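**Student:** Before I ask anything, here is the structure I am working with.
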Amino acid sequence: MKAPTDFSPREIEARAHAHWSAIDAYRVREDQSKPKYYACSMLPYPSGKLHMGHVRNYTINDMLARQLRMQGYNVLMPMGWDAFGLPAENAALKGKVPPAQWTYSNIAVMKGQMQAMGLAIDWSREVATCDPSYYKWNQWLFLKMLEAGIAERRTQIVNWDPVDQTVLANEQVIDGKGWRSGAPVEKREIPGYYLNIVKYADELLSAVADPADPNYLSGWPERVRLMQENWIGKSVGVRFAFPHSIQGADGQLIQDGKLFVFTTRADTIMGVTFCAVAPEHPLAAHAAAGNPKLAAFIEECKAGGTTEAELATQEKKGEPTGLFVTHPLTGAQVEVWIGNYVLMSYGDGAVMGVPAHDERDFAFANKYGLPIKQVIDVAGQAYDDKTWQEWYADKQSGRCIESGVLNGLGFAEAVSKVAELVGAQGLGEKKTTFRLRDWGISRQRYWGTPIPIIHCADCGPVPVPEKDLPVVLPEDCIPDGSGNPLKTRADFLHVDCPKCGKPAQRETDTMDTFVDSSWYFMRYCDPKNSEQMVAGGTDYWMPMDQYIGGIEHAILHLLYARFWTKVMRDLKLVKVSEPFKKLLTQGMVLNHIYSRKGEKGGIEYFWPHEVENVQGEDGRVIGAKLKSDGSMVEYNGIGTMSKSKNNGVDPQALIDQYGADTARLFVMFASPPEQTLEWNDAGVEGAHRFLKRVWNFGQKQAEVLQAAGADFSALSKDAKALRREVHLVLKQISHDYERLQYNTVVSGAMKLLNALEGFKPSAPADAAALREGASVLLRALYPACPHLTHVMWEELGFAAELGDLLDAPWPKVDEAALVQDEIELMLQIGGKLRGSIKVPAGADKAAIEAAALATEEYAKFSNGAAPKKVVIVPGRLVNLVL
């Protein structure tokens, strides 16, 4: 296919795609003769269309992959689909089509868009998490975890969305409501399957918090490591019991007569004036059995906050139970309260109340008139039990007072002494706890991986035999909003028990979709292996060298993926302990937001192209008016692109208008990868104009470049200057590629084009410098704009010399070209800048002084006087002091 004379992105891209398709350019195989590099973007949810965040993420990955391939690496860049989940069910409910149909249709659209972008994806490794050949291995590993005791069935208090009829993770509860339904979330006690991630808490923490750990994630952003460290939340303290003689309805002591609490402030134990238990605690249930007021309070708490963040901000409420427990050191009777701020899922569902030295307990005690007893003193400070002061909780400077045997002890000594005292009574010990909770994976949803368990009336929960995997999810169900359709799907539900052969029922819960995304990057390495979850490909490719994705996945996805990797390691499936060596969290793509309130109070959003900005005297945007009728709308600043706010940009429309290379170039040039990118239509047009200039340069100089040689021995002064500029910029571009600073890579390519366009050969031999510069420009620009550069590379004859641009060698900086024959020095006369002089690069002080004195400028401004002094700053200036 002949290249078009005029700049036609559509024709250029068609030619490039045809070539790459014909040679299967992006199929990657394990190759021990090359260094490997595995670069991967977080797999997308197939929502229907790509957005500009996708374009940016994948172009970052593509630039990395293409440039490393030119450096001789064997580079893997795969793609797949995080295809299970609630959005597909919601879309199915709305459109009355099976989630499978909606999902596969969206995959086809988005895959076509990715291919149009020219991404160097090895599509032979494509996975979709809703494919039975993929989720079979979710089920298989779950059963292996069950065997190993890492997975277990248990009953716990969970967040329950009464509208979506499903369990919600804490992060899916916003202001006490379900993140999708908006319904008030309830606390329910239901059975489900949990993965023991807490078992790995120390190891998960060490790799993000301890630089001495051999697996320390030094290639991760510090803020992501800190976010993971805080989420894991390691606390060292004392777990001890308040004994009691409270009996349940069965006549037995409740919890063996011990109310256990955990505290990091055991030094304040003598200041305990009450204990608070969660509304679901056995003592709370016992107290409420004959107390309607308490029973009503417990019901109220069930509709309250379910996350730590909400508990920290909501009003602290409590009710006394009338029950008492015994202080383990003083023997005093301590009243038990029910507190809405105590979570049953954290620790033992109970806390000791030390109002004098805990800000939350201080507010609670003042609200309900509970005693406040100071037991920690800081020299020079006066205690006031009506006003909280920060020093009340100071464990660095504080010393125990009014605490018997603890008096005078500092924090560490007091904690150790308390542990010793309660330990001697068999009531407690030092203990390490974690904020991290075991991972509940059971979801009461249809569109997910079926949990491979069969429930038998005689045998209980029975694992599905390995030979019967996968348990295939029927793909023709259409949710109707009445709950999980699997519960009424007879051909799925009814099955014989694998143990006894009697009629039984399948588990209808499906797995949390975080399971699907916790190991897909390993499946990319062995995507077609039907006999093993992972195999030799994983040994070759893992760990991943560079992972790219949004900061919104900094905690859960990355934490679960790390946990899953360690489980696979312990089960001898993989050899690595950490899956991702380096992590880049790319910034969001932002655009302007315009809106106004409608007559009924709703908010109407307008597309940026529909409005015209109104500016204040200082030039800032203060509002906008509609182009259609001139009516005013509000300017809401810039925010993340969103369909709901009418401020998104359709990548396909951009590609159709300007071409894929323009879209790619703009998102790379507008901002460093890790920073937010503010959308700018003028910037898009500027990127398009630049590419047109590159194309026109090639057309204009085609004959010269095709005929030029590679002999640099007889270059003119200007040609040598061009080579020096080219290699200086190349040096910076190569450094910027290493740093993944692709915005400055693009600006470097612009400098190269400026230099090439401004060069006028003064001798036939000078064409060699022009040809070399064009070769460097095309290779530098290629990872960002592969279509244009591929076609120009072939048309200008570089492919015949250096091979396909895909594998053309990355240009090397010629240090000899950086050496200057002569240098330019600024000329100052009498302290004022009067011009410049050029002298041989090796000129000594005398030669420089002579050259300066011989200038017309010196003759003009010296009035014939000899200089009093000559100051030379090497490589910069010469100053003739008069």
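**Student:** Go through the stretch 182-202 residue by residue and tally those that are surrounded by fewer than 17 Cβ atoms within 10 Å (Cβ to Cβ) and farther than 30 Å from GLY149 by Cα.
**Tutor:** Residues meeting the conditions: 3.
**Student:** Which condition number does PHE260 fail, the rest of (1) closer than 30 Å to LYS177 by Cβ; (2) assigned to a strand (DSSP E or B); (3) not hydroxyl-bearing (Ser, Thr, Tyr) being met?
**Tutor:** The number of the failed condition is (1).
**Student:** Cβ-Cβ below 6 Å, separation at least six or inter-chain, first residue in the stretch 316-341 and in the same structural domain as ILE372 (by TED's automatic domain parsing) and of a type outside the set (A, V, I, L, M), second in a loop (DSSP other than H, G, I, E, B) and surrounded by fewer than 20 Cβ atoms within 10 Å (Cβ to Cβ): which pairs?
**Tutor:** Cβ pairs passing all conditions: PRO328/LEU427; ASN340/GLY304; ASN340/LYS317; TYR341/LYS316.
Okay, residues lined up against (1) surrounded by 20 or more Cβ atoms within 10 Å (Cβ to Cβ); (2) of a type outside the set (A, V, I, L, M); (3) at positive phi; (4) not assigned by TED's automatic domain parsing to the domain that holds ALA808:
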{"residue": "LEU50", "(1), (2), (3), (4)": "yes, no, no, yes"}
{"residue": "ALA65", "(1), (2), (3), (4)": "yes, no, no, yes"}
{"residue": "ARG69", "(1), (2), (3), (4)": "yes, yes, no, yes"}
{"residue": "TYR73", "(1), (2), (3), (4)": "no, yes, no, yes"}
{"residue": "SER105", "(1), (2), (3), (4)": "no, yes, no, yes"}
{"residue": "ASP122", "(1), (2), (3), (4)": "yes, yes, no, yes"}
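**Student:** A follow-up question, please. Tell me whether the stretch 601-611 contains one or more residues that are over 30 Å from GLU795 (Cα atoms), in a loop (DSSP other than H, G, I, E, B) and over 32 Å from the mean Cα position of the chain (by Cα).
**Tutor:** yes
**Student:** Would you mind stating whether LEU205 is hydrophobic (A, V, I, L, M, F, W, C), assigned to a strand (DSSP E or B) and either buried (at least 19 other Cβ atoms within 10 Å of the Cβ) or in the same structural domain as HIS557 (by TED's automatic domain parsing) (or both)?
**Tutor:** No; evaluated as a whole, the condition is false for this residue.
**Student:** Looking at the stretch 781-840, which of the residues that are more than 29 Å from PRO874 (Cβ to Cβ) and of a type in the set (Gly, Ala, Ser) is nearest to the chain's Cα centre (by Cα)?
**Tutor:** Among those that are more than 29 Å from PRO874 (Cβ to Cβ) and of a type in the set (Gly, Ala, Ser), it is ALA784.
**Student:** Which one is farthest from THR330 (Cα to Cα), of the residues in the stretch 375-417 that are touching a residue at least 24 places away in the same chain (Cβ under 8 Å) and among the aromatic types (Phe, Trp, Tyr)?
**Tutor:** TRP388
**Student:** Restricting the search to the stretch 102-129, which residues are in contact (Cβ under 8 Å) with a residue 60 or more places away in the chain, in a helix (DSSP H, G or I) and not hydroxyl-bearing (Ser, Thr, Tyr)?
**Tutor:** Those that are in contact (Cβ under 8 Å) with a residue 60 or more places away in the chain, in a helix (DSSP H, G or I) and not hydroxyl-bearing (Ser, Thr, Tyr): ASN106, ILE107, VAL109, MET110, GLN113, MET114, GLN115, ALA116, TRP123, ARG125.
**Student:** From GLU815, GLU857, GLU795, which residue is surrounded by 12 or more Cβ atoms within 10 Å (Cβ to Cβ) and within 30 Å of SER713 (Cα to Cα)?
**Tutor:** On inspection, the qualifying residue turns out to be GLU795.
**Student:** What do you reckon, is LYS717 basic (Lys, Arg) and more than 28 Å from MET63 (Cα to Cα)?
**Tutor:** In short, yes.
**Student:** OK, next. Being farther than 22 Å from LEU143 by Cα, aliphatic (A, V, I, L, M) and not assigned by TED's automatic domain parsing to the domain that holds PRO99: is that true of ALA504 here?
**Tutor:** Considered against the rule, which asks whether it is farther than 22 Å from LEU143 by Cα, aliphatic (A, V, I, L, M) and not assigned by TED's automatic domain parsing to the domain that holds PRO99, ALA504 comes out as no.
**Student:** Taking into account only those residues within the stretch 345-357 that are touching a Lys or Arg at 6+ places or on another chain (Cβ under 8 Å) and within 18 Å of ILE298 (Cα to Cα), which is modelled with the highest pLDDT?
**Tutor:** ASP348
**Student:** Shifting gears a bit: So which of ILE121, ILE174, ILE107, ILE157 is under 26 Å from the mean Cα position of the chain (by Cα) and within 23 Å of VAL342 (Cα to Cα)?
**Tutor:** On the way: ILE121 fails: within 23 Å of VAL342 (Cα to Cα); ILE107 fails: within 23 Å of VAL342 (Cα to Cα); ILE157 fails: under 26 Å from the mean Cα position of the chain (by Cα).
Of the residues listed, the single one that is under 26 Å from the mean Cα position of the chain (by Cα) and within 23 Å of VAL342 (Cα to Cα) is ILE174.
**Student:** Can you pull out the residues in the stretch 634-656 that are assigned to a loop (DSSP other than H, G, I, E, B) and in contact (Cβ under 8 Å) with a residue 24 or more places away in the chain?
**Tutor:** MET641, ASN646, ASN647, GLY648, VAL649, ASP650, listed by residue number.
**Student:** Pick from GLY639, GLY587: which is in contact with a Ser or Thr (Cβ under 6 Å, 6 or more places away or on another chain) and within 30 Å of CYS40 (Cα to Cα)?
**Tutor:** Step by step, each of GLY639, GLY587 is checked, and only GLY587 is in contact with a Ser or Thr (Cβ under 6 Å, 6 or more places away or on another chain) and within 30 Å of CYS40 (Cα to Cα).
**Student:** Kindly indicate which of LYS373, LYS367, LYS386 is in the same structural domain as ASP267 (by TED's automatic domain parsing), at pLDDT 95 or above, at negative phi and surrounded by fewer than 17 Cβ atoms within 10 Å (Cβ to Cβ).
**Tutor:** Details: LYS373 fails: surrounded by fewer than 17 Cβ atoms within 10 Å (Cβ to Cβ); LYS386 fails: at pLDDT 95 or above.
When all the criteria are applied, what remains is LYS367.
**Student:** On to the next question. Please give the number of the condition TYR658 fails out of (1) hydroxyl-bearing (Ser, Thr, Tyr); (2) under 27 Å from LEU119 (Cα atoms); (3) surrounded by fewer than 17 Cβ atoms within 10 Å (Cβ to Cβ).
**Tutor:** So the condition that TYR658 fails would be (3).
**Student:** Something else: State whether one or more residues within the stretch 513-529 are farther than 30 Å from THR676 by Cα and modelled with pLDDT under 95. Spell out the reasoning first.
**Tutor:** The initial filter retains those residues of the stretch 513-529 that are farther than 30 Å from THR676 by Cα, namely 523, 525-529.
Restricting the remaining residues to those that are modelled with pLDDT under 95 gives 528.
Yes, the conditions are met somewhere in the stretch 513-529.
**Student:** Also, quick follow-up: Kindly indicate the residue of the stretch 540-587 that is of a type in the set (Val, Ile, Thr) and not in a loop (DSSP other than H, G, I, E, B) and also surrounded by the fewest Cβ atoms within 10 Å (Cβ to Cβ) among those meeting that condition. Before the answer, list the steps.
**Tutor:** First, pick out the residues of the stretch 540-587 that are of a type in the set (Val, Ile, Thr): 548, 551, 555, 565, 567, 574, 576, 585.
Subsequent filtering for residues that are not in a loop (DSSP other than H, G, I, E, B) retains 548, 551, 565, 567, 585.
Details: ILE548: 22, ILE551: 16, THR565: 24, VAL567: 23, THR585: 20.
That would be ILE551.
**Student:** Kindly indicate whether any position in the stretch 147-170 is surrounded by fewer than 17 Cβ atoms within 10 Å (Cβ to Cβ), within 15 Å of TYR524 (Cβ to Cβ) and without any contact (Cβ under 8 Å) to a residue 60 or more places away in the chain.
**Tutor:** No, the stretch 147-170 has no match at all.
**Student:** Anything in the stretch 668-682 that is in contact (Cβ under 8 Å) with a residue 60 or more places away in the chain and either part of a loop (DSSP other than H, G, I, E, B) or not charged (D, E, K, R) (or both)? List them, or say none.
**Tutor:** MET668, PHE669, ALA670, SER671, PRO672, PRO673, GLU674, GLN675, THR676, LEU677, TRP679
**Student:** Hey, another quick one. Looking only at the stretch 661-676, count every residue that is surrounded by fewer than 18 Cβ atoms within 10 Å (Cβ to Cβ) and aliphatic (A, V, I, L, M) and tell me the total.
**Tutor:** Selection size over the stretch 661-676: 0.
**Student:** While we're on this one: Restricting attention to the stretch 756-797, which residues are assigned to a helix (DSSP H, G or I) and over 22 Å from LYS720 (Cβ atoms)? Spell out the reasoning first.
**Tutor:** Taking the stretch 756-797 and keeping what is assigned to a helix (DSSP H, G or I), we get 756-757, 764-781, 786-795.
Scanning the stretch 756-797 gives LEU781, PRO786, HIS787, LEU788, THR789, HIS790, VAL791, MET792, TRP793, GLU794, GLU795.
**Student:** Suppose we filter LEU691, LEU665, LEU730 for residues that are within 25 Å of the chain's Cα centre (by Cα), modelled with pLDDT of 95 or more and assigned to a helix (DSSP H, G or I); which single one remains?
**Tutor:** LEU665
**Student:** Just checking, which of ALA554, ALA561 is closer than 20 Å to TRP81 by Cα and modelled with pLDDT under 95?
**Tutor:** The conditions single out ALA554.
**Student:** Filtering the stretch 282-297 down to residues that are aliphatic (A, V, I, L, M) and under 16 Å from LEU323 (Cα atoms), which residue is surrounded by the fewest Cβ atoms within 10 Å (Cβ to Cβ)?
**Tutor:** ALA289
**Student:** Same structure again: Restricting to the stretch 198-230, name every residue that is under 21 Å from ASP545 (Cβ atoms) and small (Gly, Ala, Ser).
**Tutor:** Answer for the stretch 198-230, where residues must be under 21 Å from ASP545 (Cβ atoms) and small (Gly, Ala, Ser): ALA207, SER218, GLY219.
The values are calculated or read from the model by the stated rules, or taken from the named source; none is laboratory data. Just so it is clear, the structure is predicted and the values come from calculations on it, not from any experiment. Positions of Cβ are backbone-derived with ideal geometry, glycine not excepted, and every protein chain shown enters the neighbour counts.
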